[in-house]
Structure formats: C-alpha cells, structure tokens
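A.B. asks: For reference, the structure I am asking about is given below.
The values are calculated or read from the model by the stated rules, or taken from the named source; none is laboratory data. It should be emphasised that the depicted structure is a prediction, and the values quoted were computed from it without experimental measurement. All Cβ positions, glycine included, derive from the backbone under ideal geometry; neighbour counts span all protein chains shown.
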Amino acid sequence: MTEFQDVFPLQKNRVHEACGPGAIGFAAKACGQDDMTVLWLQAGWQSEQLNPVGLMSFMSPKNLTLVQAESHKDLLACTEDGLRSGAVKLVVCELSQDLDLTAGRRLQLAAEEGGSTGILVIPEGAGSNATQTRWHCSPIFGGDHKTDKNLTLQHWQLIKNKSGTLGGWKVFWDAEAHRVIVVSKDGE
Amino acid sequence: MQRRIVSLWFPRMASDRILRSRPIHAPFAVTSHEKNTERLYCLNKEAMQLGLTLGMGLSDAKALYPDLLTREVDPHEDERFLKLLARWAERYCPWVGLDGQNGLLLDMTGSTHFFESEDGLLTDIHERLQSSRLHVRSGLASTVGAAWALSHFSKGVAPSGQLKAALSPLPVAALRLDEATCAVLLRLGLRTIGDLLATPRATLGRRFGLPLMRRIDQAFGDQAEQVNAVAPDVSYAARLNLPEPIGLYDDVMAALERLLVRICEKLKTQEMGTRVLLMTCQRVDQASVQVELRLARPMREVASILPLFERSVRDVDAGFGIDQIRLEALAVESLPLKQLETGSVQPKKTDALSDLITRLGSRIGLERIKRFEPADSHIPERSFIVSPAAYCDAQREWKEQNLRPVRLFSPEPIEGSDKSPPDTFCWRRMRFSIAQATGPERICPEWWLDDPNWRSGMRDYWRVETRQGRRLWMFFTPQRPAWFVQGEFA
C-alpha cells in the first residue's frame, strides 16, 4: 500500500496534477512544505485572484513570482520555460482547459531537465496521462469539536499514481510546524 | 591665468541650416507658429534686404512679397544642428557650451596661443563657417558676459585689461537684460553701458535690484560665470556590415555575439548595464526586422545575454538574406563593478530567476510578470500591490494580519438580510449549511479613497465553515442589509 510519506512531499523532477475545490490549497501547502521559490502562473482573464495575505500562513509571498499569460498556449509555454530553467523549485500553473498528452509529456520532460517540480491545477477530469500523480482535493467539515482556528481539514484522494497504488488521506495544515499532518487514512 | 571666452552667435541659423542643403538666392524665411498666427522666425540675407523683420506676420510678408519662400521651423533639428556645431567647435578648445538656441560659448583659456593672434583666431572661425555657408557673429573677451555683448552688439576682440573701453559704447541691452529693464533704463537716459558705469552703484541697486547688478558684475568679471560644457552623448551601439547576405540562424547568432562583445566591453568600462537591447536586421530587399529584448535586470555579460536572444532570433524572417545588423542598448542603468565573494563564482539564484523573467517576458511581455508587495490597508483587495517583477526589487516585510482567504473574488451575493449569518444559503448553485461562523470582523471603507465597490458602507466579515466542507469568507453590509461571499480559505 502507498503510504502518505511516499507520495507527499511530491516527487521532485516531475509534474503533478491537482483538481477539486481544494486544489489551490493543495498547491499552497505544497509550496509551504519547505519554503521554496515559486513561479505561479495563471490566465490573465481569471477573475479569482490569489491573495498573498492569505498565502502567508503557508509561505512567504516574497518567494512568489506571478505570471499572468494572455492565452492558454502562452500559459503552457511559460510553464515549460519555468520548469526547464531550474531557476525556481516549484512551478504552479492554474489551467482552465484540457491538457492533451503531448503538452503533458512536454512539461514532464521539461521538469526532468530543469530539476524542478510542477503542479498543474486542472479542472476536474481534464488531466493528461503523462502526469506522475493526480490528486482530488476537497475540504471536509471536521465536526463541531474542533476549536483550532487554523484547522484546515481536507480530504486528499490520490486518483492516479504512475509508480504505486492509490489512496486517500484526511490531512490538515499545521501552520506552526509548517507541514501537512495526516489525521487518518481511508479505510482505517 | 587670464580667462578668454569666445561667444559665437548664429543669427540666421534656422534658415542657414535649411539653405545649406538646397542653396537658393532668393528671399527665404523660416516661420513659426506664435500667438495664434504664423510669424517670421528667421530670415536670410535677401529677405532682410527686402525690409522684412522678425516677428512679422507671415500673411503681411506674403502680401508685400508674394514670392517669399518659407519653411516651418523645426526646433529639434535646430537643436541637433547646434550640438553638431558645438562638436565642431571642439577643434578650437575642449570646453564648449551652448548659449541659448543659436549661440555657442568657447572657453579658450590657455589655447589662444595656438593661433597667431586672437584676431587671427576669430578670422579662422569666420572663414571656416563662411565656407560652410553659415553666417556667424563673434566676440572674444575675458568674461562670458563681455564676449556675449561683443558678439551680439559689436564684433572683434576686447584685449585683456581693456574691457571697460570695449564695452562702454555698447547699448545697455548688451548686458543681457530683459526688455522691461532696458526700456526703463532708456527712459532714464542711460543708453550705453558707459552711462550705466558713470552712475553711482548704490542708486542703481536701489532702483533695479539684484539682476542688473549681477549682469554688470558678470560682464566685468567681478562675479564668476562658468561655461557649461555639453555633456557628450554616449551611445551603446554597434553595427556589422556583411559582405555577403546571411540567413541561417547560427550565422545571425554569431554576428550578434560579435556585436554584443563590443557593446558589453563599452558597458563594462563605463560600469553600466543594459535593460533594453534592440537588434535591427537590414535585409537585402531594403526591409528591416527589429528584435527587442527587454531584460529583467541590468546586464553586461555576453554569455548570459546571448541565450536570451535565441527565441526571438528564431522568429526573424530573413527573406533573401540580411546584410547589415545593428545592435543598440536603448536603456542603460548603472551597474557598478562588484568584488566577488569567495565561493560565489557560480551565478546567484536571483540572477537565474531574473533570466527566467527575461525569457518569459520576451514571450508574453515583461509587465505581465509580477510580484506581490505589501500595502498598508485593511481593505482586503488593497492590502497588497501587484507590481512588475522586473522593476521592483525592494522586498518589504509582510506583517502578520488576521486570517485571510487564499482566493479572493469580487463579492457574490447570497440570500439573507439578517445580522447573523444565514443557517443555509445557496452559492454558485450549491446549497450550504453553516456549521460554524467566526466573526464579525468589521472593516470600514477608507473615506479618503472613493472606491465604488465600497459604496455600500462598512462590512462585517465572517469566517464560515460549512457542513459541506468548504470554508468561505462572507460579509454583511449593515447599512444596506445583504450578504456576500468574497473569498475561500484553503
């Protein structure tokens, strides 16, 4: 069985995908796991914006460079450039369209060449087969007994894994320790 | 050492400049648009002899002489021409300054002895300019003021020590006074500088104040006045003419490298770095292709600039071949030499990031790559600034604030008008029931900034945890009871 520590922190030099309502949170937590320089790409027309003040509980906004591309093609091209250069440890790209196999594979190769990790935030069901892992993330209600204000309980379901089996975990973000803590594993 | 200043005045520069390229022997005037009408700005010799005067309306002049040839004034070209003349004048002395729109000042101190005499020097200047069809008037004296007075109202040399004798017969206007002062002086019967000197200083000072006294002192050397030399235009450009046209990618890159080496060497000696590079490829069919490279940081290393050009050079359409390549650094910034620290031979991480920003910028535009900076505001949308990453370096610290959502969007209305959060609500076609709500956190609009989004008054923000899992940031506007969702927590 795949254990959580085998798949998270995400495998380096690979591209991963995240979907679901908690995908942005997933990316933010991956950025925060060890404070790295991040290139965050999004489409220029996107109305939902990233709030650096909200990001502060995960990572320092100083380490983030934001790219706002004007077309889907530019977005992918910039992601590839970012992955290949190796100047940043992590590249996060918010996609709003389907990703085909060619594009996915190109990004994978670029990540291997540059030695950086990629996270693609995709719409549900829009991933490419070239991805290393794909996660479905959704926030869950933790019950009335929780009092910790930073408690951010989420359910992360690994729905594709190239090198291992699938699994699901209930996790939350510990802002003090700056890491993702597993509460329980599915089926246990 | 006795100072020697030469003042050159080109009273007909605007018309001389135009007539130099197409000489005519007919009345000619340069006009300029002043006070709502076309007026004569500069006249050639023939037009002067007709009796035309400067400042006369063009329609009047045309009525008198319908054959008058005219041309619109071009101040930029004139300025450029004057700078050319200044450069030419450096053959006489290294310290040349501009004087108004059509004059030059040469600080000849210590270089007059290269010529037979000071008169010979002026004759030489006159002969050379005459052969270039330029009309010039000149004066040589030991102060700027006196040289100016001689060139504009007399001519020749005022030998050192005889300044008073040379200036005394000149009218008071030769002291570079404004028209009103001249008019008052004339009304008082003080027509020449000699008259002025004969008057007691105290009375003049009381009547006309500092400006007149300063001009008199400057003319006679009692108050220092410097010649401001023209700063040399340093341009960072290089050109390569090719005997045979080229069209292959590798060839263009090799040519580009040669040009870059030349520019970067110059940048290095001047301790500058370039921010914008423009490559112009002149094609055989007379067309030209331009490639602009905007850099995210000032740079001057050939090895790191060249790869950044790769993508744009691949896009260049060479046509039948390129036979000239020109490279110019359009924007330069100071980039002082730095001492290497031990062990820092490898390029820094920030440099790699800047190179990445440059590369992305050449694809989508440098202003689309941004960085967050903190701002002092409690308004959630204004608590940060998004600015272009290439032009902001100051990394200000982020202050701890109340918990804020990772996602912000423009407020989306939901049902409910009660002060406390609704138990169930519908948002984005999903039904939610609230399990826990934390708040309110009241945020008031900033009255000193008129923000249309905040016209509905103050807001009570709530952090809401729903039974469906999602954690939302909602607010209530007490002044106009309504509920909105504005963000989502991670």
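A.B. asks: In this structure, does B:ALA158 turn out to be aliphatic (A, V, I, L, M), under 14 Å from B:TRP9 (Cα atoms) and touching a strand residue (DSSP E or B) at 6+ places or on another chain (Cβ under 8 Å)?
C.D. replies: So B:ALA158 fails the test.
A.B. asks: Given B:PRO159, B:PRO169, which one is more than 22 Å from B:ILE125 (Cβ to Cβ), in a loop (DSSP other than H, G, I, E, B), assigned by TED's automatic domain parsing to the domain that holds B:VAL6 and more than 41 Å from the chain's Cα centre (by Cα)?
C.D. replies: After ruling out the rest, the residue left standing is B:PRO169.
A.B. asks: Here is a list of conditions, (1) outside any helix (DSSP H, G or I); (2) surrounded by fewer than 16 Cβ atoms within 10 Å (Cβ to Cβ); (3) touching a residue at least 60 places away in the same chain (Cβ under 8 Å), and B:TYR92 meets all of them except one; can you say which number that is?
C.D. replies: Here B:TYR92 meets the rest and fails (2).
A.B. asks: Looking at B:PHE475, B:PHE432 in this structure, which one is within 13 Å of another protein chain (Cβ to nearest Cβ) and either touching a residue at least 60 places away in the same chain (Cβ under 8 Å) or part of a strand (DSSP E or B) (or both)?
C.D. replies: Exactly one residue qualifies, and that residue is B:PHE432.
A.B. asks: From the list B:PRO298, B:PRO211, B:PRO307, which residue is out of contact with any Pro (no Cβ under 6 Å at 6 or more places or on another chain), under 21 Å from B:ARG363 (Cα atoms) and in a helix (DSSP H, G or I)?
C.D. replies: Among B:PRO298, B:PRO211, B:PRO307, only B:PRO307 is out of contact with any Pro (no Cβ under 6 Å at 6 or more places or on another chain), under 21 Å from B:ARG363 (Cα atoms) and in a helix (DSSP H, G or I).
A.B. asks: Keeping to the stretch A:59-85, report how many residues are within 20 Å of A:HIS16 (Cα to Cα), facing chain B (nearest Cβ under 7 Å) and either surrounded by fewer than 18 Cβ atoms within 10 Å (Cβ to Cβ) or not β-branched (Val, Ile, Thr) (or both).
C.D. replies: Here is the first cut: in the stretch A:59-85, the ones within 20 Å of A:HIS16 (Cα to Cα) are A:59, A:64-67, A:72-85.
Filter once more, so that each one left must be facing chain B (nearest Cβ under 7 Å): A:64-67, A:74, A:77-78, A:81-82, A:85.
After this cut, where a residue has to be either surrounded by fewer than 18 Cβ atoms within 10 Å (Cβ to Cβ) or not β-branched (Val, Ile, Thr) (or both) as well, the list is A:64, A:66, A:74, A:77-78, A:81-82, A:85.
Counting residues in the stretch A:59-85 that are within 20 Å of A:HIS16 (Cα to Cα), facing chain B (nearest Cβ under 7 Å) and either surrounded by fewer than 18 Cβ atoms within 10 Å (Cβ to Cβ) or not β-branched (Val, Ile, Thr) (or both) gives 8.
A.B. asks: Kindly provide the set of residues from the stretch B:47-66 that are loosely packed, with under 15 Cβ neighbours inside 10 Å and under 20 Å from B:ASN36 (Cα atoms), ordered by number.
C.D. replies: Matches in the stretch B:47-66: B:THR53, B:LEU54, B:GLY55, B:SER59, B:ASP60, B:LYS62, B:ALA63.
A.B. asks: So B:TRP427 fits all but one of (1) under 17 Å from B:LEU408 (Cα atoms); (2) out of contact with any Leu (no Cβ under 8 Å at 6 or more places or on another chain); what number is the exception?
C.D. replies: With respect to (1) under 17 Å from B:LEU408 (Cα atoms); (2) out of contact with any Leu (no Cβ under 8 Å at 6 or more places or on another chain), B:TRP427 is out only on (2).
A.B. asks: Give the number of residues within the stretch A:26-54 that are at the interface with another protein chain (Cβ under 10 Å from one of its Cβ atoms) and either assigned to a loop (DSSP other than H, G, I, E, B) or in contact with a strand residue (DSSP E or B) (Cβ under 7 Å, 6 or more places away or on another chain) (or both).
C.D. replies: Of the residues in that region, 16 qualify.
A.B. asks: In the stretch B:405-429, what residues are without any contact (Cβ under 8 Å) to a residue 24 or more places away in the chain and of a type in the set (D, E, K, R)?
C.D. replies: Result: B:ASP423, B:ARG428, B:ARG429.
A.B. asks: Collect the residues in the stretch A:37-62 that are in contact with a helix residue (DSSP H, G or I) (Cβ under 8 Å, 6 or more places away or on another chain), at pLDDT below 90 and over 16 Å from A:ALA175 (Cα atoms), keeping them in residue-number order.
C.D. replies: Of everything in the stretch A:37-62, those that are in contact with a helix residue (DSSP H, G or I) (Cβ under 8 Å, 6 or more places away or on another chain), at pLDDT below 90 and over 16 Å from A:ALA175 (Cα atoms) turn out to be A:THR37, A:GLY44.
A.B. asks: Let me ask something else about it. Of everything in the stretch A:86-111, what is outside any helix (DSSP H, G or I), in contact with a helix residue (DSSP H, G or I) (Cβ under 7 Å, 6 or more places away or on another chain), away from chain B (no Cβ under 12 Å) and surrounded by fewer than 21 Cβ atoms within 10 Å (Cβ to Cβ)? Give them in sequence order.
C.D. replies: Answer for the stretch A:86-111, where residues must be outside any helix (DSSP H, G or I), in contact with a helix residue (DSSP H, G or I) (Cβ under 7 Å, 6 or more places away or on another chain), away from chain B (no Cβ under 12 Å) and surrounded by fewer than 21 Cβ atoms within 10 Å (Cβ to Cβ): just A:GLN97.
A.B. asks: If B:SER377 passes every condition in (1) farther than 19 Å from A:TRP40 by Cα; (2) touching a residue at least 60 places away in the same chain (Cβ under 8 Å); (3) facing chain A (nearest Cβ under 7 Å) but one, which one does it miss?
C.D. replies: Among (1) farther than 19 Å from A:TRP40 by Cα; (2) touching a residue at least 60 places away in the same chain (Cβ under 8 Å); (3) facing chain A (nearest Cβ under 7 Å), B:SER377 violates only (3).
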